[in-house]
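First up is the structure itself, then whatever we jot down about it.
The values are calculated or read from the model by the stated rules, or taken from the named source; none is laboratory data. Fair warning: this is a prediction, and the values are worked out from it, not measured in the lab. Neighbour counts are summed over all protein chains in view; Cβ atoms, including those assigned to glycine, are modelled from backbone coordinates with ideal geometry.
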Amino acid sequence: MIHYNKFTLKNGLKVIVHEDFSTPMVAMNILYDVGAKDESPHQTGFAHLFEHLMFGGSINIPEYDEPLQNAGGENNAYTTNDLTNYYIQLPAKNAEIAFWLESDRMLSLAFGEKSLDVQRKVVCEEFKEHYINKPYGDAWKYLRELVYTQHPYQWMTIGKELSHIENAQLQDVKNFFFKHYRPQNAILCVAGNITTEKVKELSEKWFEPIEAGEKYNRNIADEPEQTSARKLVLEKEVPVSVIYKAYPMAARREKNYYVADLISDVLSGGNSARLHQRLVKEQKLFSQIDCYHTGSVEKGLLVIEGKISEGITAEQADAAIEKELDLLKSEKIAETELEKVKTKIESMLAFEDLSLLNRANNLAFYELLGDASQMNTEFENYNQVTVEDIFEQANEILNPNKCSTMYYLAKKAN
């Protein structure tokens, strides 16, 4: 059980405190309810660009890293299609430095053409290195565009195309910041060797003077239901051919999300799971195969991804996957198989909670989903899933008419 306290500042900033006096450290996590899905289709990659800009100096603090390092702290951030998250860990005696640094970034960044130009170049290089020049780097660009016809999940976090970042103007960037990076669009979680009273005092001192900003109301239309199979075949300069099969699945807040998560583990949760056991070990059709999901807040994807063995065609590999999926849809799994994957998830959740940073991150994330208390009942959501639920959802999700298949083939030598 993770204990916490919660309060809201006058400007709408939600604050969660998790006291843990067994550690000499404090972790601060600020989650902004903005991700790539909140961008204009004509100006993508902005949420990720901000992940870089946030470290380029704020209005009163020209250097972010130096004072944090001097205080014995470390920090990082990540951006997804759904959210942007910044986190710090430092000795408890220096906790106020985290409040000072993060509140100044929330107040305003030190916007300037020079800072934008530097970070724009960094992001453009990252785009080229990881998504253009790296083998398989563009696979998810094509897969997202195949699966999503309308929803903004159709582009990657780094952006739809390089030109959107190359052409980002200072005023566009400022507008995006003051629309999304406001107190009432954020959740602050402080965990570790600090009292709730102290967090309240420091939050009121450093964060409460920041203007609330206008409440951002998201208005994203659902992706239309897929009713016929889609297929894309690409040839690329890559070492081996890969097959991707993507199926729409439930959103993160829905009961069937947990069923889909368990299905992915039944198929691919370790070396004894079905796909690895039969298609890698026994039949040797793949050198590697995984089933995973995107974990998206809105309706996400269950994906099967397999590296095809030498001498096996994509069609043969695809047929073998379909055979395994048909088996899952025609025969209910054994209670023992379901219990095995539930036990694995229970262990994983318990292991996650050992880290102070993870606790701070997860409390903020569950608050974003609706209520931080869900962190303590998360395993129960999995535990309630039955064999019948798995059977029903396997037939619902793994419907060939809802599948988007991509053959990402190694170009044959002439």
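For (1) at pLDDT 95 or above; (2) of a type in the set (Asp, Glu), each residue gets a yes or a no:
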position	(1), (2)
Val233	yes, no
Glu237	no, yes
Tyr244	yes, no
Tyr257	yes, no
Asp261	yes, yes
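A residue that is at pLDDT 95 or above, under 30 Å from Pro135 (Cβ atoms) and over 26 Å from the mean Cα position of the chain (by Cα) occurs nowhere in the stretch 191-199. Tallying residues that are in contact with a strand residue (DSSP E or B) (Cβ under 8 Å, 6 or more places away or on another chain) and either among the aromatic types (Phe, Trp, Tyr) or under 17 Å from Lys93 (Cα atoms) (or both) within the stretch 20-45 yields 8. If you go through the stretch 106-131 and pick out every residue that is in contact with a strand residue (DSSP E or B) (Cβ under 9 Å, 6 or more places away or on another chain) and surrounded by 21 or more Cβ atoms within 10 Å (Cβ to Cβ), you end up with 2.
Residues in the stretch 82-117 that are part of a loop (DSSP other than H, G, I, E, B) and either in contact with a helix residue (DSSP H, G or I) (Cβ under 6 Å, 6 or more places away or on another chain) or not polar (S, T, N, Q) (or both): Asp82, Leu83, Ala110, Phe111, Gly112. Contact map, the stretch 111-128: residues that are over 9 Å from Leu170 (Cβ atoms) paired with residues that are among the β-branched types (Val, Ile, Thr) and buried (at least 18 other Cβ atoms within 10 Å of the Cβ), Cβ distance under 9 Å, separation 6+ or inter-chain. Pairs shown: Arg120/Ile165; Val123/Ile158; Val123/Ile165; Cys124/Ile165; Glu126/Ile158; Phe127/Ile158; Phe127/Ile165.
The residues of the stretch 324-381 that are farther than 30 Å from Pro400 by Cα, small (Gly, Ala, Ser) and not in a helix (DSSP H, G or I), listed by number, are Ser355, Gly370. Of the numbered criteria (1) in contact with a Phe, Trp or Tyr (Cβ under 9 Å, 6 or more places away or on another chain); (2) at pLDDT 95 or above, the one Phe176 fails is (2).
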